[in-house]
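Structure first, then comments.
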Amino acid sequence: MLFARGLTRVVRSGYSRSRWILCYNGHQLLRHTNHFPAPIHSSEQVLGCRVIYSWVSSALSGIGKQAHHQSSSLEEQLDPFSLVADELSILANRLRSMVVAEVPKLASAAEYFFKMGVEGKRFRPTVLLLMATALNLPMSRLPPDATLHTSSGELRTRQQCVAEITEMIHVASLLHDDVLDDADTRRGIGSLNFVMGNKLAVLAGDFLLSRACVALASLKNTEVVSLLATVVEHLVTGETMQMSTTSDQRCSMEYYMQKTYYKTASLISNSCKAIALLAGQTTEVSIMAFEYGKNLGLAYQLIDDVLDFTGTSTSLGKGSLTDISHGIITAPILFAMEEFPELRAVVDQGFDNSANVDLALEYLGKSHGIQRTRDLARKHANLASAAIDSLPRNDDEDVQISRRALVELTQRVITRTK
Amino acid sequence: MFTKLPSRATQRALAGLRTNLASLSSPQASRAASQLYPTTSERWDAAMLQAESIVGDASSFSSLQKWVSGEFNNITKYLQRLVGTNHPMLETAKRCTYISEGKMGSAQARGLTVMLTSKAVGELMKHSCTSEKQLEEVLKNQMSLAEMTEMTYSAYMIHRGVMDLKMHGLESTTTTTTTTTGGLTEQRADLEVSRQARALHYGNKVSVLCGDFLLAYVMRGLGDLFSSKVVDLVASAITDFMEGEFMLLDDWRSANYLLSREARDLSRWVRRSHSTIGSLQGNTCQASLVLANIQAKLQYDARELGRNLGLAWQAHTELQPFLRERYEPIELPEMPPYPAFDLNCLPVLLFLRGAHDDKARNFRLLLDEIKSPEANANANSSSPQAKTDGRLNLINQHEHQELVNYGRLHELVLADKNAIGETYKLIRSHSTRAIKHLDSFPPSESKEVLVNICESLYQK
């Protein structure tokens with residue numbers, strides 16, 4: 001992304017004319033080959049963004065060869081992650097310097113944090129950086145004034161800071177969750193509580209949270225502080241909702257969705273909103289940013305719940321079954337219960353007995369629970385793309401690419417198999 | 001646990017918690033409570049009472065009420081389930097409730113100090129605030145800062161009580177691997193350990209969530225103060241706190257702590273105490289002036305005042321067990337007794353330092369004496385009960401992994417008049433430094449009380 005932006009700047013200073021022609025050609029080609037009507041409808045946008053993005057990526061790899069690449073780029077996949085890869089590595093370095101600790105044990109706990117965060121898939125920072133670009137004012141409208149240029153760079157730094165804070169809050173919550181769940185592993189490596197003990201893991205989580213707060217304070221925007229404070233509150237509320245439930249609550253779809261919002265979607269939705277607030281966007285725009293994050297987060301979790309049953313295969317029971325064996329009732333079972341009310345009795349008995357797990361799986365297999373969960377995830381993914389579509393029109397190329405990448409992400413979230 | 005100052009609702013909730021716990025405790029509860037923080041300084045008590053009367057009741061300010069009515073009730077429910085598990089969370093709750101009954105006023109001293117510092121600049125605030133309404137707003141924010149100071153501290157007291165189970169072979173999972181070779185009693189002991197471990201894991205969950213709730217509440221409250229500087233100050237104090245806590249963990253987990261260089265390193269003690277006590281008190285005192293828009297020089301003085309008072313207070317607290325002629329472990333209702341002092345407390349540190357530098361003394365021989373076998377007797381016993389106790393005691397947060405005869409160590413420290421004298425000297429030096437930083441404050445009743453509090457730490 002950074003490279004792309006740098007290039008844009010170079011292009012703007014010298015080759016702005018040719019850049020526009022190339023861009024125009026890209027669109028033209030797209031319309032010719034696919035016979036799209038001029039205003040692109042949302043259903044076609046996914047394809048549209050693939051074409052445009054991959055065209056740009058080929059333009060990056062060699063400006064002179066774009067004509068040759070255009071045809072093959074049609075099949076290339078848009079990768080939102082590689083779009084911001086360069087910027088993410090800058091972020092990683094900054095994060096590293098933020099969690100530096102003088103006490104050796106804390107330092108090694110912090111090192112562990114990077115194994116989980118920076119070397120992970122970095123879903124959240126990717127979304128937030130793309131959102132930052134997607135909400136940019138059109139570059140063309142910014143006068144080539146030196147002072148304004150710095151301020152847009154400053155804005156970017158502040159938005160990057162939100163991405164860092166989000167990642168820190170996320171990892172802090174993972175550290176605490178692992179203690180709560182008594183988990184031994186996390187992303188294939190021993191969890192921090194397993195390696196260094198519960199107490200240290202909890203305190204390391206607090207350490208990250210406090211560093212996140214310090215970073216938050218440096219933004220000097222009290223509205224953003226409040227937003228992210230709310231997130232921390234939601235994360236804990238979600239955990240307590242999961243821990244202390246009556247049978248009726250456990251079997252309520254509404255309760256489940258509320259809990260899912262608190263536990264998963266609140267962080268990404270509120271930090272998307274923070275990105276918009278920092279950019280000085282209108283309330284309407286920040287609501288759209290929030291809606292995107294919320295629905296993307298919900299879709300993500302719903303698919304997670306499906307994968308807990310299916311694993312990478314399509315058949316039931318191949319997943320890790322972590323949730324159900326911990327007695328956590330998720331959407332697939334809730335839907336199955338609507339079809340087979342007798343499943344309720346099994347759920348009320350609990351899943352300490354593995355025979356009950358098998359019984360529940362049997363009901364789930366007979367029902368449309370998995371499919372209906374997937375449908376619900378799709379519905380939220382579509383709501384997320386709709387939020388992006390309803391952002392104010394902006395013809396800037398970077399903005400367009402990022403918006404399309406955000407839409408692509410919603411599709412990836414619901415089609416992923418791991 | 002929570003400052004008494006701002007909220008009747010807090011008091012109500014605490015009262016509820018107290019009833020819950022009291023109904024589960026033995027009749028000796030009040031006797032045990034008096035052992036927690038032996039009141040040795042009547043002057044301290046008097047100063048604290050005076051402080052409370054100055055700060056007064058401001059229950060209308062509290063925003064804690066909403067939180068308390070909802071989540072706090074759940075917390076007391078969780079706590080009830082913990083009774084009989086020996087989980088530190090329960091102990092923290094008991095300590096908090098007993099202390100808040102006013103034994104040494106220590107449950108609210110942190111918040112009180114912040115409020116007193118705020119009041120000490122009251123005259124100046126009349127100039128720095130443009131309107132009556134703004135003044136009111138500042139006072140309200142300072143009160144809520146004092147509340148958050150207490151809550152932050154409580155959150156950490158709770159989080160540091162999280163127990164390491166797996167590291168000591170305590171699995172909370174239901175699958176018990178019972179070997180056929182082990183006898184029936186052996187199996188029973190294993191089952192008991194596993195049952196206990198499940199209960200303790202539940203205690204961990206409650207601790208993590210309670211602490212997180214308090215922290216989330218603090219974060220929310222900080223956001224409402226609309227001051228990035230204040231957020232920065234409090235968050236930085238939390239960071240420091242974690243660093244200090246990790247240093248403590250190092251000490252506790254070392255099997256050979258007493259012999260290590262750290263055990264007699266005074267600068268390490270200062271650094272650690274700054275992190276765990278001084279930083280929070282100093283930064284929140286400064287923050288109260290930031291909220292009032294008071295000039296930077298005085299902010300610095302407020303910070304140093306809080307920091308030094310915190311250090312003096314910490315040293316004073318660590319001195320308490322050594323003001324008794326005889327060693328007595330701390331006993332709380334329904335819990336096994338635990339040591340009255342830590343191996344890294346100031347008097348022990350100064351004793352070890354003196355003994356190490358004393359060429360006439362054989363340091364290793366001395367350590368052997370401290371680590372006499374009678375302290376280990378229980379752990380080596382082969383009865384199933386002892387096995388269970390041994391495993392569970394090993395993970396008590398209040399015990400170093402190094403087994404020590406605390407009674408003997410207590411004797412040795414008392415016999416070494418230098419260790420106690422040096423401790424007093426350190427308390428005095430930080431207290432007087434705190435008083436010196438009060439010089440630049442305008443005269444006021446609050447200032448007098450602050451001086452009084454500082455002096456009470458080293459004068460009778």
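The values are calculated or read from the model by the stated rules, or taken from the named source; none is laboratory data. Nothing here was measured: the structure is a model prediction, and the numbers come from that model. Because the Cβ atoms are built from the backbone with ideal geometry, glycine has one as well, and the counts that use them run over all protein chains shown. Just so you know, the surface numbers come from the protein's heavy atoms only, side chains and all, with ligands and any DNA or RNA stripped out. Shrake-Rupley method; radii C 1.70, N 1.55, O 1.52, S 1.80 Å.
What is the mean number of Cβ atoms from other protein chains located within 10 Å of the Cβ atom of each residue in peptide B:197-209, rounded to a whole number?
Mean shielding by partner chains, rounded to a whole number: 4.
Can you run phi through the Karplus equation (6.51, -1.76, 1.60; θ = phi - 60°) for region B:149-163 and list ³J(HN,Hα) in whole Hz, with x for Gly and Pro?
Per-residue couplings from phi come out as 4, 5, 5, 4, 5, 4, 4, 6, 4, 6, 5, 6, x, 5, 9 Hz.
Working out 0.36 nm times the residue gap between A:V100 and A:Q258, then minus their Cα-Cα distance, what length gain in nm do you get to one decimal?
Here the answer is 53.3 nm.
Can you give the accessible area buried between chains B and A, summed over both chains, with a 1.4 Å probe, in Å² to the nearest 100?
4200
Give a residue-ordered list of calculated ³J(HN,Hα) values for region A:343-352 (Karplus: 6.51 cos²θ - 1.76 cosθ + 1.60, θ = phi - 60°; whole Hz; x for Gly, Pro).
Values, residue by residue: 5, 3, 4, 5, 4, 5, 6, x, 10, 5 Hz.
Mind checking the full-extension length gain between B:K359 and B:E136? Use 0.36 nm per residue of separation minus the Cα-Cα distance, one decimal, nm.
74.0 nm
Would you mind putting A:399-407, B:218-226 in packing order, based on average other-beta-carbon counts within 10 Å, highest first?
Ranking the peptides A:399-407, B:218-226 by packing returns A:399-407, B:218-226.
What does the charge count near B:L365 come to, summing +1 for each Lys or Arg and -1 for each Asp or Glu among other residues with Cβ under 15 Å from its Cβ?
+2
What GluC sites (Glu not before Pro) in region B:255-350 are in a loop by DSSP, with at most 12 other Cβ atoms within 10 Å of the Cβ?
Listed in order of number, the matching sites are B:E325.
For A:I189 and A:A345, FRET efficiency with R0 = 41 Å and r from the beta-carbon atoms, rounded to 0.05?
0.55
Net charge near B:V121: determine it from the other residues with C-beta under 11 Å of the C-beta of B:V121, scoring Lys and Arg +1 and Asp and Glu -1.
My count for the surroundings of B:V121 gives +1.
If you add up the charges near B:L291, with Lys and Arg at +1 and Asp and Glu at -1, over every other residue whose beta carbon is less than 10 angstrom from its beta carbon, what do you get?
Every neighbour counted, the sum reads +1.
Assuming R0 = 51 Å, what is the FRET efficiency of A:K379 and A:I90, from their Cβ-Cβ distance, to the nearest 0.05?
The pair A:K379/A:I90 has a calculated efficiency of 0.90.
Quick one: pull the percent of accessible area on region A:187-237 belonging to carbon and sulfur, 1.4 Å probe, ligands and nucleic acids left out.
Summing carbon and sulfur atoms, their accessible area is 59 percent of the total for region A:187-237.
Put a dot 7 Å past each Cα toward the Cβ at A:S82 and B:E325; how far apart are the dots in nm?
Rounded to a tenth, the inter-label distance reads 8.2 nm.
I need the phi-derived Karplus couplings for region B:258-273: 6.51 cos²θ - 1.76 cosθ + 1.60, θ = phi - 60°, integer Hz, Gly and Pro marked x.
For region B:258-273, the Karplus-derived couplings read 4, 7, 6, 4, 4, 5, 10, 9, 5, 5, 5, 4, 4, 4, 5, 5 Hz, x marking Gly and Pro.
At 1.4 Å probe size, put A:D352, A:D358 in order of accessible surface, largest to smallest.
Largest accessible area first, the list is A:D352, A:D358.
I'd like the FRET efficiency for A:E111 and B:S440, computed as 1/(1 + (r/R0)^6) with the beta carbon distance as r and R0 of 56 Å, rounded to 0.05.
So the FRET efficiency works out to roughly 0.80.
State, in angstrom, two size descriptors of region A:169-263 derived from its alpha carbons: Rg to one decimal place and Dmax to the nearest whole number.
Rg and Dmax of region A:169-263, Cα atoms, are 15.2, 44 Å.
For a label point 7 angstrom out from the Cα of A:T417 toward its Cβ, which stretches of region A:321-343 have the backbone nitrogen within less than 18 Å?
Output list for this probe position: A:321.
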